[in-house]
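The values are calculated or read from the model by the stated rules, or taken from the named source; none is laboratory data. None of the values given here were measured: they were computed from a predicted structure. Heads up, the Cβs are rebuilt from the backbone with ideal geometry, glycines too, and the neighbour counts pull from every protein chain shown. What goes into the accessible areas is simple: the full protein's heavy atoms, side chains included, and nothing from ligands, DNA or RNA. Shrake-Rupley method; radii C 1.70, N 1.55, O 1.52, S 1.80 Å.
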Amino acid sequence: MRGIQFIAVLLLIASCKKPEAPSIPERYENGILVLNEGLYEQNNASMTFYDGAESFQLVFKSENGRGIGDTANDFDAYSLLGKEYIIVAVNLSSQIEIIERKTLKVVAQIPLYDGINARQPRDIDIYGTRAYVCNFDGTVAVIDLISYTIIDLIEVGANPDGLVIVGDYLYVSNSGGLDYPVYDSTMSVINLSSLSLVETFETRINSTQMIVDEQGEIYLLSNGNYADVSAALLRIDPTTNTVVQTIEMPISSMAYTYNGFYYYDEDEQAIYFYNTVTEDINTSPFLSVADYETFHGIKYDAQNDRLLCVDANGYVNSSTVNAYSLSGEFLFQFQAGLLATDMIFNN
Amino acid sequence: MHLKRNIFLSFCILLACQTFGQDTSLYLKPIPVFAKQDTILKLAMITATIPHYELQQAKLDELGAADVGDALKYVPGVQLRDYGGIGGIKTVSFRSLGAGHTTVQMDGNQIPNVQSGVINLSSFELFGLEKVAFSSGRAVDQRSSATAYLQANTIALNSKLASQPTKFRLGFYSNSMSINAYENGGLAQARLGKRFFIGGQFLLRLGSGTYPFYHPEEDGAVLRTRANTALFNYRWRTLLGYDHGKTKVTTSLSFNDNEQELPGAAVLFNPSNDQKLWNKDWRANLNHSFKKGKWVWQNHIDFNQNYTRYFDPYNLSLLGFIDVDYQQRNLAGGSILSKSFRFPAERIFIGSDVIASHLLSQTINGAPQRMQSNSVIGGATLFGKFKLDANLTAQFIIDRLGESVTGQERNYGKLSPFISLGYSPLKKATLRLRTFFKNTFRMPTFNDLYYNFIGNTNLLPEDANLFNLGVTYGVYKKRWTAEFSADAYYNRVTNKIIAIPTKDLFNWSMQNIGSTDIRGVEVGGLLSFAVREFRITTNTNHSFNESIDVTDPSSENYGDQIPYTPYYSSSNGFNVTWKGYGFSSNVLISGFRFSLNENNYANLLPGFVDLNSGLSKKFNLKSNELFVDLKVQNLLNKNYQVIRSFPMPGRYYQLRIKYTIKK
């Protein structure tokens, strides 16, 4: 009998350590919705909602009774016919998920497959009633957001990893990221009226993220080869589709504000500001993030005029999100999920 | 999702998929007790002052296990890492010391793997094995070579072929599972004159292995299919033995040919799964032993060659596919000399092995070669009611890169002491107290050191200290037997070799940075009794294990339970036999675990209960024996996950038939 009691006590101790299921917020307003990429083949992509006081984990799963899938890379908010939505690209599950912005309930799920082979959506841009999704299999899918159907598939370069829209054109950066050491180094230009590829021009190896400034110029991040070819920032003139400037520097993440963008310098482990009007870098860092374990991206919250920086904590632990004012003052911190990769700011 | 990361991921996948080494053999006389080996009534016969479990043939039959991994999961303290399906990799950890700290030996010969340091236990089928033994602290098999004393834990497999038949022996085996998986084998063994015996065995495994499952990340609405699981595998082994009392020689040759589809992680909504794996393994062993008086001199030469190819026909690189292969060769030779004194268990021994290994692969830098010398000196003595058992092993390693541009050479040297004490206060020795300490290590493997981009040539060995304190009590009566055992242990792992990101997501490296504190309690009991023609045996084992990360006090994970380690696990068995009929039921219970370091809800893997039940009948016809067994596996029909994203098959049925002719 005493043996059973002993076991019962040990069992009780063991069960006390079990974490409780997360709660959900009353509403998804006045807060930050974070997309957490999760780890490859772990089916643990997730969403976090921070309401200014508390962060709620696994909110997509709580609202929909299922996980979002494997490796969620990008999400964007949009409005259509007076309703607010979020579109999510889930890379390894190879799905586009469309959810209501303020309830997170799934409205539509669009698989992106070539037969049984996953196309692996990577990045999304919205224009009018269409979503443009670049897929790692070298295509751009054009999705009609009213009928939730794929209306076209346009072939681009290898492993496209970034999208921007300038005027009536979609720019797609082809990274060739899966082809080390021979990366792709091109940009594909698609005419949005005819949905046809109109031009492909040379940029620089392993190019991914892009932003557009108020003059319509494109800033493109080339990651180099992580060895002897350094990363670089490229300035592209979309009127001529040429690279007008290449600045070699250890840049890895950009967030556009106004008249410039903040970026992360890997060597200095600090955030700097690039002025897109004067084309100058402010040589004194805006913010040092040297105390981060693993810096993993920077986002700008236009509504509250603040900057959010992600510490991915070694990639295998929950990310920490830190908010700063544009004067560099630390505002608050909250915990997100595994590999926080994107944010939407809900009012 | 850049290349380095992909390489890292495929590295992880390969770690999960490599199937190296293999073996086979037959079945033997039933010994209906599953207990610590330790339960022997005479002090002079005490062989175990350590946790030592033996699974005999009858117990293996009851468990319905097909391979060594499946059988060992019932040993208290063992956690089986099982990726599910047929042909999937299986490894075990014991008290949170992983497969890298475990030696696998067949008839005393170590099965090497310098690449990953891990042996896939699903490559060892139970058909053809007399016994599966698991010990912690030291190797127990007296045939063990010096190398076997190095590591913390030992899985010792005894093949039927290595034991001499009375005249001849013939056996057939078939196992059909309703998940579309089949195994068929045969064994033949005969004496050649007075002193020689020869035998061979063969096993064929095949099937599509497909099973339906509910994905754990869904609400259970959609029944999905675990596909890309087909397997075609055959193995054979021959053994020629010479037994002249004083001199014994055995020589054996084994071959394994495996072609299988790899069911990767069950990625939610993604059905594409088309990777394949091939293995071709050769193993040759020559063993010699010479006995004179109280002296025994044993020698062995082993050769192992493993070829593995991994192929992914669809990959989003320009090449469009991934095709990697690995070739590993090991040549080992060694000698061990022992002398016994008043009792067989009281002895001293000294021995040494030399092993040369090399590995070739596109994913491994510079064709590494390893020369190692492993030596042991040890002994056991009895004084009064005490038994003292101790040994000291030394390992020296020289690593060289075969195609080296830098010509770098690396040396390691390390000692591993072991000491244990057993005490039997009662005259009949039915109560025994035991304790042991072992300081051991695992050398960095070739994957750790040289894997493209990730490998780190500055790695040091990973250290482990093991302490155990245990008690066993047995009551042996004419009609009933009862045993009870309890162990408390403390293990500490430092300089743990783990992969960490260096600069960004695309640059990972192996580093010696982890430390783990492991504490636990194991309690177990067995009761066996006979009522008229009935024989009833029941056992229960409970393990409590707290294995916490003590790497960095400033880390969020400091004090968190390490991944895939339940606080509580339990294995239980119930068996009734009556006039050749048998009913058995086994329950394995695992508490919740975490799939990553952080102990949060997102990483929580729920506990599970794996219950099987079966009926068997044994027909004895003169020198023939027919054994038929029908089992229901995973009776509760839940697709639990041992490893995240790898759901196990639900309920399925298994029909096993064994036919033996003995003379």
Subject >> Carbon/sulfur fraction of accessible area - segment B:2-662, other protein chains in place, 1.4 Å, % >> reply: 62 percent
**OP:** Give, as a single signed number, the net charge of other residues whose beta carbon lies under 12 Å from the beta carbon of B:Asn228, with Lys and Arg counted +1 and Asp and Glu -1.
**Re:** -1
Original post:
For the protein assembly as shown, what percent of Cα pairs sit more than 45 Å apart?
Top reply: 35 percent
Subject >> Surface accessible to a 1.4 Å probe, per residue, for the residues of the protein assembly as shown, Å² >> reply: 37 Å²
Original post:
If R0 is 60 Å, what FRET efficiency do you get for B:Phe321 and B:Phe529 from their C-beta distance, rounded to 0.05?
Top reply: 0.50
Original post:
Where Lys and Arg each count +1 and Asp and Glu each count -1, what net charge lies around A:Pro111 among other residues with Cβ under 12 Å from its Cβ?
Top reply: -1
Subject >> Contact order relative to length of chain A, as percent, for alpha carbon pairs under 8 angstrom and 6 or more apart >> reply: 12 percent
**OP:** Between A:Ile154, A:Ile32, A:Ile211, find the one with the highest GNM mean-square fluctuation for chain A; connect C-alpha pairs within less than 10 Å.
**Re:** A:Ile154
Subject >> Net charge over other residues, Cβ less than 9 angstrom from the Cβ of B:Gln369 (K, R count +1; D, E count -1) >> reply: +1
**OP:** Using a 10 Å cut-off on Cβ to Cβ distances, tally the other chain neighbours for every residue of A:176-189 and report the average as a whole number.
**Re:** 3
Original post:
Tell me, which residues of segment B:545-564 get at least 40 Å² less accessible area when the other protein chains come in, versus the chain alone (1.4 Å probe)?
Top reply: none
Subject >> Value of relative contact order over chain B, rounded to a whole percent, pairs C-alpha under 8 Å and six or more apart >> reply: 12 percent
Subject >> Most positive-pole-ward Cα, A:Thr103, A:Ile126, A:Tyr85, against dipole of segment A:56-131 from beta carbon charges >> reply: A:Thr103
Subject >> Qualifying lysines (Cα of each under 30 Å from Cα of B:Lys496; at least 8 residues distant if same chain) >> reply: A:Lys17, A:Lys18, B:Lys4, B:Lys73, B:Lys90, B:Lys414, B:Lys438
**OP:** Based on a Kirkwood Rh over C-alpha pairs, give the Stokes-Einstein translational diffusion coefficient of segment A:24-176 at 25 °C and viscosity 0.890 mPa s in µm²/s.
**Re:** 156 µm²/s
**OP:** List the residues of segment A:309-347 whose accessible area drops by at least 40 Å² when all protein chains are present, compared with their chain alone, using a 1.4 Å probe and counting only protein heavy atoms.
**Re:** A:Tyr315, A:Val316, A:Asn317
Subject >> Size-normalised alpha-carbon gyration radius of segment A:108-157, reference 2.2 N^0.38 Å >> reply: 1.05
Original post:
Rounded to a whole number, what % of the accessible area of segment A:132-198 do carbon and sulfur atoms account for, probe 1.4 Å?
Top reply: 53 percent
Original post:
In the protein assembly as shown, with Lys and Arg counted as +1 and Asp and Glu as -1 at Cβ, which of these residues, B:Gly455, B:Leu415, B:Gly320, has the Cα nearest the positive end of the dipole, that is, farthest along it?
Top reply: B:Leu415
Subject >> Net dipole in debye of the protein assembly as shown [+1 Lys, Arg Cβ; -1 Asp, Glu Cβ; about Cα centre; nearest 20] >> reply: 10000 debye
Subject >> Among B:Val296, B:Val75, B:Ala367 the positive-end extreme of the charge dipole of segment B:2-662 (Cβ point charges) >> reply: B:Val296
Original post:
Can you pull the percent of segment A:218-347's accessible area that's carbon plus sulfur, 1.4 Å probe, other chains left in place?
Top reply: 44 percent
Original post:
Across peptide B:216-223, how many C-beta atoms of other chains are within 10 Å of each residue C-beta, on average?
Top reply: 4
Subject >> In nm, spacing of pseudo-spin labels at B:Asn465 and B:Phe396 (7 Å Cα→C-beta vector) >> reply: 2.7 nm
Original post:
A:Lys102: which lysines have alpha carbons under 25 Å from its alpha carbon, excluding same-chain residues fewer than 8 sequence positions away?
Top reply: A:Lys61, A:Lys83, A:Lys299
Original post:
If you take the accessible area of A alone, add that of B alone, and subtract the area of the pair, what total do you get in Å², probe 1.4 Å, to the nearest 100?
Top reply: 5200 Å²
Original post:
Kirkwood Rh, segment B:2-662, all Cα pairs: how many Å?
Top reply: 25.5 Å
**OP:** Hey, for a label at B:Trp295 modelled as a point 7 Å past Cα toward Cβ, could you say which residues of segment B:90-118 have their backbone N under 17 Å away?
**Re:** none
Subject >> Inter-chain shielding of A:62-69 (mean C-beta neighbours from other protein chains, 10 Å cut-off) >> reply: 4
Original post:
When the C-alpha atoms of segment B:293-377 are aligned to their principal axes, what extent does each axis show, in angstrom, from largest down?
Top reply: 71, 22, 16
Original post:
What dipole magnitude, in Debye to the nearest 20, does chain A give about its Cα centre under +1 on Lys/Arg Cβ and -1 on Asp/Glu Cβ?
Top reply: 1500 debye
Original post:
Can you give the charge dipole size of segment B:2-662 about its Cα centre, rounded to the nearest 20 debye, using +1 on the beta carbon of Lys and Arg and -1 on the beta carbon of Asp and Glu?
Top reply: 3520 debye
